[in-house]
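The values are calculated or read from the model by the stated rules, or taken from the named source; none is laboratory data. From a predicted model like this one, the values you see are computed outputs, not experimental measurements. Don't worry about glycine lacking a Cβ; one is built from the backbone with ideal geometry, like all the others, and counts go over all protein chains shown. For the accessible areas, the whole protein counts, side chains as well, though only heavy atoms, and no ligand, DNA or RNA atoms are used. Shrake-Rupley method; radii C 1.70, N 1.55, O 1.52, S 1.80 Å.
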Amino acid sequence: VQLQAFGGGLVQAGGSLRLSCAASGPSFSTYALGWFRQAPGKEREFVTAIRQSGGSTYYADSVRGRFTVSRDNAKSTVYLQMNSLKPEDTAVYYCAAGRPITSTIRTTSPYYYWGQGTLVTVSS
């Protein structure tokens, strides 16, 4: 599976962005999809994840209530709607695909495939 994330850009605090991650290759619907982010000088951190059917979603506390993850298996695409953006949301955002169990879904290790990242910059 190859993943390509896009939709990043520069936005003012309080604004919104929608990221997309398009996949190519077979069996997209058999993978859980995650979004992670990495700010300069910091480790990559979990943002959100969605199960194969889309029935279960998981969020980091820092984004819960502001970000929404969704997927369209027919289009092999996962989305991240980001509202009420804050300067601390500035980072490179990565999408990833894997088959994590619930206890590891917030970690990077169970994700096999990663996109190239898209930069989100939130100005104050």
Practice prompt. Would you mind computing, in nm to one decimal, how far apart the modelled labels at Gln4 and Ala39 are, each placed 7 Å from Cα along Cα→Cβ?
Written response: 3.0
Practice prompt. Can you bin region 80-124 into rounded, prolate or oblate? Criterion: square roots of the alpha carbon gyration tensor eigenvalues sorted a ≥ b ≥ c, rounded for a/c under 1.5, prolate for a/b above b/c, oblate for the rest.
Written response: prolate
Worksheet item: Considering only the other residues whose Cβ falls under 12 Å of the Cβ of Cys21, what net charge follows from Lys and Arg at +1 and Asp and Glu at -1?
Response: +2
Practice prompt. For Lys86 and Thr104, compute 0.36 nm times the residue count separating them, minus their Cα-Cα distance, and round to one decimal in nm.
Written response: 3.8 nm
Worksheet item: Based on the alpha carbon coordinates of region 30-79, what radius of gyration and maximum Cα-Cα distance (Dmax) apply, in Å?
Response: 11.7, 37
Practice prompt. Whenever you get a sec, compute what percent of the accessible area on the chain sits on carbon and sulfur atoms (1.4 Å probe).
Written response: 48
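With contacts defined as alpha carbon pairs under 8 Å and 6 or more residues apart, what's the relative contact order of the chain in percent?
Working: 300 pairs, mean separation 44.3, N = 124.
Result for the chain is 36 percent.
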Worksheet item: How big is D for region 1-51, in µm² s⁻¹ as a whole number, if Stokes-Einstein is applied with the Kirkwood radius of its Cα pairs at 10 °C and 1.306 mPa s?
Response: 122
Discussion item. If I model a spin label as a point 7 Å beyond the Cα along the Cα-Cβ vector, how far apart are those points for Arg66 and Tyr113 in nm?
Written reply: 3.0
Practice prompt. Sort Lys42, Lys86 from largest to smallest accessible area, using a 1.4 Å probe on the heavy atoms of the protein chains.
Written response: Lys42, Lys86
Worksheet item: Which of these, Gly41, Gly55, Gly15, has the largest mean-square fluctuation under a Gaussian network model of the chain (Cα springs below 10 Å)?
Response: Gly41
